[in-house]
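Chemist: After the structure tokens below, expect a handful of questions from me.
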Amino acid sequence: MRQYMTLPWWSWLLMGLGLALFIALVALSIRRNRGIKRSLFATPYVLWIIIFTVLPCLLIAYYSLTDASGNLTLDNFRTFWDSNHIMREQLRGVAGDEIAATVVRGSVNVDTLVYSLWMAFLCTAICLLLGYPAALFMADRNMKLGATLVVLFIIPMWMNFLLRTIAWMSLLEDSGLINSLLRSLGLGPVQLMYNQQAVLLGMVYNFLPFMVFPIYTSLNKLDPKLGEAAADLGCNPWRTLYKVTMPLSVPGVISGITMVFMPSVTTFFIPRVLGGGNTQMFGDLIESTFLFSGDWNLGSALSLIMMVLILISLSILRKADPNGEGGGIA
Amino acid sequence: MVENEHLIDLNHITKEYDGVTVLDDISLYIRRKEFVTLLGPSGCGKTTTLRIIAGFETPTSGEVLFEGRDIVSLPPYKRRVNTVFQKYALFPHLNVHDNIAFGLKLKKLPRAEIDRRVDAMLDLVNLSGYGKRRVDALSGGQQQRVAIARSLVNEPEVLLLDEPLGALDLKLRKGMQLELKSMQQRLGITFLYVTHDQEEALTMSDTIVVMRDGHILQIGDPKHIYDEPANAFVADFIGESNILRGTMVRDELVHFAGQDFPCVDFGFGEDAPVDVVIRPEDIMLVGEDVGQLTGTIRSVLFKGVHYEMIIDCGAATFKVHSTTMQPQGSRVGLSIVPFNIHIMRPMERPGREG
């Protein structure tokens, strides 16, 4: 078991190169312009991104393609696809091909991924269904409560994400607020925690603002005259919503979907706290592979698969909003 | 041309926002095929009046009759009027064709019929072949014409236009004024036009409604409004004017600028305070010895067609337009024909009812 690995030699080289480049640029621009070039101010950020984003990504790719002793291998990806393949190999050496062939494909990793995608999809869909009307309400200039609602959505975000999730425990647990209420009404304790619904509830609760605010922003930017123009041309309020407001808020919706879907797929704390380990999601799997199994190579492979999936979904979403008008990351 | 039948009647319309009165007891009628212009400075209530007719605002009190039926509670999408908005409000997610077809598609017309009518509209506004363009790729003038086409294609009873030419440059504006007017005459549609540009109003309208601070000051055809302004404000707003305080000595004799002048107005009573309005082009420059007034030229400005001179006559200062220039500092005589001296009571509030 290996908790901390030494970095490969080339990562040090890359960091050194970055630092050298930074110093060289500063020296050069000071000499040539007798002052500091404006683009130079970007260098710390570029450097930051190289060290803390680009380099870790390269490291993950590197680890996922090597084994514990640093040899190139695709074994980690095979383990993702078939978690029993190592056992089968070992059995083949001991008991022969026939017995080894009886070991079925281990589908834990793939199943967890599919389950995570499904949960993320559900969470995104629920957030969209709840969030769009909320955003509509908040952006409506005739609604005096709109501004209040904006604040109400922001306040919980000031509190720590973990704290908010733990707070749900005290509501949902057997001796929690809801169950005490039910008990006093004679409806008995109901199992509210440690199931899929509780996890979904926690996810929707935590990620809903990320759906509401991009949509709210794009609705807020809409010229109210467009709604009047639609009414003027014969649209009743529902048709105005369907023919003008909704099509024009697509960038916000896409941005919202991105910002909910991505953290939903990778979430790992909520299922552990509210799901009680009964429902493992891909984020939990990656976390436990790194921290409990200590298998950095397999963990990296799983992370890489996750990353590729996210990149693919981002590029699909990007097609629908080519100008990035939603103001999100997509 | 203009028919006698009333298409729209506004009866005693009052509109308040949070206790502030923006329209105060407005009464007005619009006849079929009439080109009516609401004219006034910003904040006078002209746009609010238009929005009440369109259905975007509900009057605090009063009634809006459309062909004799009260439509105050009718939502905008059920009214047979269409609006051309100040900044056009074209749908950015639709191309030119789909913008214009918007209203027709709602009526579930057959596709071929929609295409035919949209193409005819594009022809009318000189945008044939622009159907597939994005609206934000068009120039201001083109967007404006798309906005007009989008409204006109629905064949509304009344077209409401809210300062539609405000965002265009002078030359384009002049061209569009003529185009709009000829379009209105050809199609025989009633136009209600809102503007703060008096020249635009004079050029296009059958009837001008001059508004200020939520009141109607005067209603009349352009020539009447220009020649016989109801009060000093209208006179000042429509064209340039010299406005002086004066006293009506008796019928057909008015005292201002320290002298008595013969005029053609009567019925004000004796020694009544009045506003005297004289257009700058109605003051003639004559020899110093033959003028009714004498004065010194303070400044001379070349304005293209004429010179604008400020003449100091001691008791009053006059703005005079003349095609012949007099040098600055020279003494001149001023002469005013009685017909060109307009006498008016300080501020009146006319309506147009029944």
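Any read-out appearing in this document is the output of simple, stated calculations on the displayed coordinates, not a laboratory observation. The structure displayed is predicted, hence computed values, not measured ones. Here Cβ is always computed from backbone atoms with ideal geometry, including for glycine, and neighbour counts include all displayed protein chains.
Chemist: Let's test the formula: R0 of 35 Å, r as the Cβ-Cβ distance of A:Val250 and A:Leu181. What FRET efficiency results, to the nearest 0.05?
Modeler: Calculated value: 0.25.
Chemist: Calculate how steeply helix B:170-187 sits against the longest principal axis of the alpha-carbon atoms of chain B, using the helix alpha-carbon long axis, and give the answer as 0 to 90 degrees to the nearest 10.
Modeler: Roughly 60 degrees, rounded to the nearest 10.
Chemist: Given only helices, namely DSSP H runs of n ≥ 4 each adding -39500 (n - 2.57), what is the per-residue ellipticity at 222 nm of chain A, to the nearest 500 deg cm²/dmol?
Modeler: -21500 deg cm²/dmol
Chemist: Summarise the long-distance tail of P(r) for chain A by giving the % of C-alpha pairs beyond 29 Å.
Modeler: 58
Chemist: Separation of region B:120-135 and region B:171-204 by C-alpha centroid, Å?
Modeler: Measuring centre to centre over Cα atoms gives 20 Å.
Chemist: Please pull out the direction-averaged projected area of region B:242-344, using the convex hull of its alpha-carbon atoms, in nm² to one decimal place.
Modeler: Answer in nm², one decimal: 5.9.
Chemist: So how much slack lies between A:Leu171 and A:Ala68, counting 0.36 nm per residue of separation and subtracting their Cα-Cα distance, in nm?
Modeler: Length gained between A:Leu171 and A:Ala68: 32.7 nm.
Chemist: A follow-up question, please. What nm distance separates the two modelled labels at B:Asp251 and A:Ser293, each placed 7 Å from Cα along Cα→Cβ?
Modeler: Going by the 7 Å Cα→Cβ label model, 11.3 nm.
Chemist: Restricting to region B:44-193, compute how many DSSP beta bridges are antiparallel as a %, nearest 5.
Modeler: Within region B:44-193, antiparallel bridges account for around 25 percent of the total.
Chemist: Just add up the charged neighbours of B:Lys319: K/R +1, D/E -1, any other residue whose Cβ is under 15 Å from the Cβ of B:Lys319.
Modeler: With Lys, Arg at +1 and Asp, Glu at -1, the net is -3.
Chemist: Express as a percent, rounded to the nearest 5, the fraction of DSSP beta bridges in chain B (both residues included) that run antiparallel.
Modeler: 75
Chemist: Assuming R0 = 60 Å, can you tell me the calculated FRET efficiency for the pair B:Thr58 and B:Asp260, based on Cβ-Cβ distance, to the nearest 0.05?
Modeler: With a Förster radius of 60 Å, E is 0.65.
Chemist: Mind counting lysine pairs for me in region B:6-232? Cα separation below 17 Å, and the two need to be 8 or more apart along the chain or on different chains.
Modeler: So the count works out to 9.
Chemist: Scattering from the C-alpha atoms of region A:173-301 alone, worked out with Debye: what is log10 I(q)/I(0) at q = 0.12, 0.15, 0.16, 0.19 1/Å?
Modeler: -0.72, -0.84, -0.88, -1.00
Chemist: Wrap a convex hull around the Cα atoms of region B:69-114, take a quarter of its surface area, and give that in square nanometres.
Modeler: Across all orientations, region B:69-114 yields a mean hull projection of 4.7 nm².
Chemist: Moving to a separate point now. Shielding of B:76-87 by partners, i.e. mean partner chain Cβ atoms within 10 Å per residue?
Modeler: The per-residue average across the peptide is 4.
Chemist: Between B:Arg31 and residues 5 or more places away or on another chain, which pairs have amide H atoms under 5 Å apart, with H built 1.01 Å from N, and which residues are they?
Modeler: For B:Arg31, whose amide H was placed from the backbone, the distant partners under 5 Å are B:Leu7.
Chemist: Would you mind giving the three semi-axes, in whole Å and largest first, of the ellipsoid equivalent to region B:129-203 according to its Cα gyration tensor?
Modeler: Its equivalent ellipsoid spans semi-axes of 20, 17, 10 Å.
Chemist: Still on this structure, please answer the following. In vacuo Debye scattering of the protein assembly as shown, one point per C-alpha: log10 I(q)/I(0) at q = 0.05, 0.07, 0.08, 0.09 Å⁻¹?
Modeler: One equal scatterer on each Cα of the protein assembly as shown leads to -0.47, -0.76, -0.87, -0.97.
Chemist: What are the DSSP H helices in chain A that stretch 20 Å or more along their long axis, judged by alpha-carbon atoms, and whose average Kyte-Doolittle hydropathy comes to at least 0.5?
Modeler: A:9-33, A:108-139, A:196-220, A:250-266, A:296-320
Chemist: Rg to Rh for region B:6-232: what is it, with Cα atoms only and Rh by Kirkwood?
Modeler: 0.97
Chemist: Ignoring everything except DSSP H segments at least 4 long, calculate the 222 nm mean residue ellipticity for chain B; use -39,500 (n - 2.57) per segment, divide by total residues, nearest 500.
Modeler: -7000 deg cm²/dmol
Chemist: For peptide B:92-103, how many partner chain Cβ atoms fall within 10 Å of a residue's Cβ, on average?
Modeler: Per-residue shielding by partner chains comes out at 3.
Chemist: I need the fraction of alpha carbon pairs in region A:131-181 separated by more than 18 Å, rounded to a whole percent.
Modeler: 53
Chemist: To the nearest 10 degrees, how steep is helix B:111-124 against the longest Cα principal axis of chain B, on a 0 to 90 scale?
Modeler: 20
Chemist: Determine, from the Cβ-Cβ distance of B:Gln326 and B:Asp169 and an R0 of 25 Å, the FRET efficiency 1/(1 + (r/R0)^6), rounded to the nearest 0.05.
Modeler: My answer for the efficiency is 0.15.
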